[in-house]
Structure formats: structure tokens, C-alpha cells
Amino acid sequence: MYERQHGPLAGFTIGVTAARRADELGTLLQRRGGAVVHAPALRIVQLADDAELLSATKELIDVVPDVVVATTAIGFRGWVEAADGWGHGEELLSCLRGVELLARGPKVKGAIRAAGLVEAWSPSSESMAEVLDRLLGEGVEGRRVAVQLHGEPLPGFVESLRAGGADVVVVPVYRWMPPEDLAPVDRLIDATLARAVDAVTFTSAPAAASLLSRAETRGQLPDLLAALHHDVLAACVGPVTALPLQAQGIDTVQPERFRLGPLVQVLCAELPGRARVLPVAGHRMEIRGHAVLVDDDLRPVPPAGMSLLKVLARRPGWVVSRAELLRALPGAGRDEHAVETAMARLRTALGAPKLIHTVVKRGYRLALDPAADSKYGDV
């Protein structure tokens, strides 16, 4: 009932590192109740004036390839538009009409057909591994293969083709560069370290690598890795995107289909499953990132109050001393009065004061239902 009312991501905060299609991803997350922190970890630099792309285009027009692999819709469109701007548009299209044109997925097929071309084949998995298997299965010895790169690494793809005897021409349509404004990235790193976000999404390997690199520059890489390893979920759109994180020992979650919609669905399944659910004072309490579901009522909780609640929830029903709660309050100093103030605000935020009991001269505890004592008493 509560997920239908508030959305499966209600109470959770998700970091978005995407530069391209960030608005689309943010909207999908917000429609499901999530709060979004946007920090583009990259910017895309188009290569319409780039000598490398122009050179590759002329090379393919002069010596027509046997196969062209189109990997992204934006990249394919950008290539055709750049060629047209140089006055080579028709020559490039004429070249592509006579080759075996492979499209990585349906969006690329759409871009190919919009250019008046027809693809020869596209994998059902939208996987470059399947494209590679097909090419190697056909045999590439002596064949000329053009690969439109898409800004992130294709591990082993070009190398495998060359090892099989292919003459490979890479077509770099755009490049990833660090963002001009690093402040949002720094804020996302700080929020991750403070566990103020519940998940961080990655839609490209360079974005993941860029975030890790920035944390290293700031001397925060070990702390960031610890946060992603223990508390903050790393969600990637696919296995290639996950590589920089996995190289650092970070486990990631990924959808079966490498699309934004399925990525959001993975978060909708994973984050609520990580929330702590407790029977407290006759209520169902579900502790999420920045809010608590008390029965069907979503109650936003300030950061200080959430820090206290998470400490109490580690040992539900047990008394937690003011001194221990004080240590959980960021920047609280040594005055235990700060605990009383934050606790009062927490009770107000929860809307049900009896959820937390004061134990005179000892501290506070969650009012765990008696029937649950045996389950949680040894936690």
C-alpha cells in the first residue's frame, strides 16, 4: 500500500553522474518517489571540427570497409552530421549503403534508418559481445571493419578483431572530458561519504572512472570506496560501465537490459529491500535513507535525527546511552544536550512520540513490540 501511495523510491536519495540523458533518468527516479542529486561526472565534447574524425571518415570513403559497427544512436547521428558539415555527407552515406552495417541495439537501428540506410543485423541482447561473436564466427581475416566508438572503452573488442586478422578503422565521434564545474561532483562525493545518498547511478564507464579519480585527487578515495562497499549502492546500466568500480572491488547491481528504465527498476527492487523494517509500539516502522514509513505515512526525518534513529535500530529494544548517541551526531561536540534536542526533533518528525522511550539516567531505546523481542534481542 505504501509503495503505491508514495512510490518505491520514496525516502531514498540517488546520485546521478550522467552527463547525457541525466534529465530523463532524474525524472524516472522522481516519478517513483526518489530524491535526486545530479552531479555530471563528465562532459561530452563533440568532434565535428576534429581532425581525427575527419581523417577516419575520408579513409573509409576512399577505401570502403566490408563491415561498419554502429554502437550508439547519438554517435552515429553525430558522425553523419559532421560529415555533412564537411561536405562529405553524401559520400559517407553512399559508402555505408554498400557495407554490412551492424547496429548494437534498437536506438542505433532508428538512427541508421533515419539516415536512409538499413542495418544488416542487430543483436537481441544489445551486447557488443554478441556483435563480436558474430563477426569472429563469420571470420574477419582480411576484412576491413570500421567501429564507431561511443566514448567509453570496448574491452577487447578492437583487439580481438585485429587478432582475428581484421583491418580495423576506429571512428571516434565524441570524447569524454572532465566537467568544467567540479563543485557538483565534490558535493556528491561528500554526500556519499556522509551516507546522505543511498545509491549512485552510473551510465558510462568514464563517469565511474571520473568520480573515482576526483575522489583520489581530493584524498578521499579510500573513504569513498568504503562507502560504496558497505552502505551506498552502486547501480550501473551495464557490465562495461561497472568495470572501473569492479576493478576497485566494488560490487554493483545492473539490469538485464542496458537501458535507463530497467536501471530504475533495479533500484526500485534493491533499495526498499535494504531498508530496516521493525515492529515498534504497535506500528510498522521502515527506516529509509532520509525518511521513515510509519505504517503508510511517509515521515521525512532531518539528518541528525536519522543518525540517532539508525543507531537505535542497530540494537532494537536495547537502551543506547546518550554518550553513544552523541558520537553519532556529526559536529555535536561534547554537550549531551545536543542529543536531547535532536531526539525531540526526531520524535516530532516521526509523529508518534511513543516510538522511542526515554530510559531515565541511561539513554533511549526503540519501543520494540514484545512479540519481536526474541527476534531482535540478540542483534
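For this structure, a couple of remarks:
- For region 155-222, the alpha carbon positions stretch 51, 23, 21 Å along the principal axes, listed from largest to smallest.
- DSSP beta bridge pairing in the chain, given as percent antiparallel to the nearest 5: 45 percent
- Between amide H atoms placed 1.01 Å from N, distances below 5 Å from V171 occur with V147, Q148, L149, all of them 5 or more places distant or on a separate chain.
- Using alpha carbons only, the radius of gyration of region 100-239 set against its Kirkwood radius gives Rg/Rh = 1.08.
- Distance in nm between pseudo-label sites at W86 and R134 (7 Å out along the Cβ direction from Cα): 2.7 nm
- P(r) of region 197-298 over all Cα-Cα pairs, binned every 10 Å from zero, in whole percent: 15, 39, 28, 14, 3
- Taking 0.36 nm per residue of sequence separation and removing the Cα-Cα distance, the H230/E100 pair yields an extension gain of 42.1 nm.
- Of the trypsin sites (Lys or Arg not before Pro) in region 320-365, those whose Cβ has at most 15 other Cβ within 10 Å and which sit in DSSP loop: R334, K361, R362
- Share, in percent, of DSSP beta bridges within region 192-307 that are antiparallel, nearest 5: 70 percent
- Highest average packing first - 208-215, 223-230, Cβ atoms within 10 Å: 208-215, 223-230
- Protection proxy ranking, peptides 67-75, 53-61, average beta carbon neighbours within 10 Å, highest first: 67-75, 53-61
- Largest mean-square fluctuation among R113, R288, R77, in a Gaussian network model of the chain whose springs join Cα atoms under 10 Å apart, belongs to R113.
- As a ratio to 2.2 N^0.38 Å, the alpha-carbon radius of gyration computed for region 36-163 takes the value 1.07.
- Divide the volume of the convex hull around the Cα atoms of region 230-379 by the residue count and you get 143 Å³ per residue.
- Subtracting the Cα-Cα distance of H357 and K310 from 0.36 nm times their residue separation leaves 15.4 nm of extension gain.
- Calculated FRET efficiency for the pair W121/I61, C-beta based, R₀ 25 Å, to 0.05: 0.60
- Fully extended contour minus Cα-Cα distance, from A269 to D50, at 0.36 nm per residue: 74.5 nm
- Percent carbon-and-sulfur accessible area, region 1-99, ignoring ligands, DNA and RNA, probe 1.4 Å: 45 percent
- Accessible area in square angstrom per residue, the chain, 1.4 angstrom probe: 45 Å²
- For the peptides 25-31, 235-241, residues were scored by their other Cβ atoms within 10 Å and the scores averaged per peptide; the highest-first order is 235-241, 25-31.
The values are calculated or read from the model by the stated rules, or taken from the named source; none is laboratory data. This structure is a prediction, so every number in the text was calculated from the model and none was measured. All Cβ positions, glycine included, derive from the backbone under ideal geometry; neighbour counts span all protein chains shown. Heads up: the accessible areas ignore ligands, DNA and RNA and are worked out on the full protein's heavy atoms, side chains in. Shrake-Rupley method; radii C 1.70, N 1.55, O 1.52, S 1.80 Å.
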